[in-house]
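Student: Here it is: the structure, laid out below.
The values are calculated or read from the model by the stated rules, or taken from the named source; none is laboratory data. Source: prediction; values computed, not measured. Glycine gets a Cβ as well: all are built from the backbone with ideal geometry, and neighbour counts include every protein chain shown.
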Amino acid sequence: MAKHKGDENFFYEIAFEYLSRVKRGYFLSPLEIDLIKKWEENKIPLTIIKKSLRKGFEQAGRKKTLLYFKKIVEKEFKQKGDKLVSKQTDNNDNRLEEIDKQINLIESESFREKYRQFNLKESSYNDKESFDDKIDREIIDLFFNEKKEETEQEWNKNFQYIKVGEKEKTRLIERYFIMKKREELKLFYFSYL
């Protein structure tokens, strides 16, 4: 089975979220890698997994294995699924109103306008993923070069325990920068809604 960019991002996002919290030199075990693959196959959204990891760390501090979070992720996913079923019966206007509120929080006028324009049209999950990827690329194009050295130094200081090849390290540093910049500008992922 050929991997596409989304598969890699899914894996890297979870690995980054987990490994950055355990704060030690650690590689994912084959069982942990298999668990991430199962979450992806079951189409568990990345936001649910990240929320579950944060929740698990708050409850019990650092854990030795990603497998500890399996039940937490499954419980959150089930609750989210139950909420989605009830939300489908809600009026679509409420959803659009909530998205519009999120859009109004965006710091940058140009990004705010891009989100508004995208929100005006009916879009599939793939369209939303493409939009999110486009925003990520734009963040890199607009902001990364001027902060590249500073971001790399920050990465090396905070995540020296992550040992990967240069290509993977570059990708992780870019993802790290994108996440920080999205948070700063209050840019959300449409594909997570």
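Student: Quick check: anything in the stretch 42-55 closer than 29 Å to residue 168 by Cβ and either surrounded by fewer than 11 Cβ atoms within 10 Å (Cβ to Cβ) or modelled with pLDDT under 75 (or both)?
Tutor: Within the stretch 42-55, one or more residues are closer than 29 Å to residue 168 by Cβ and either surrounded by fewer than 11 Cβ atoms within 10 Å (Cβ to Cβ) or modelled with pLDDT under 75 (or both).
Student: Can you report the number of residues in the stretch 26-79 which are among the polar types (S, T, N, Q), under 15 Å from residue 11 (Cα atoms) and in contact with a Ser or Thr (Cβ under 9 Å, 6 or more places away or on another chain)?
Tutor: The number of residues fulfilling the criteria is 1.
Student: Separate question: Which condition does residue 65 not pass, out of (1) farther than 25 Å from residue 115 by Cβ; (2) touching an Asp or Glu at 6+ places or on another chain (Cβ under 7 Å); (3) modelled with pLDDT of 80 or more, if it passes all the others?
Tutor: The one condition residue 65 does not meet is (3).
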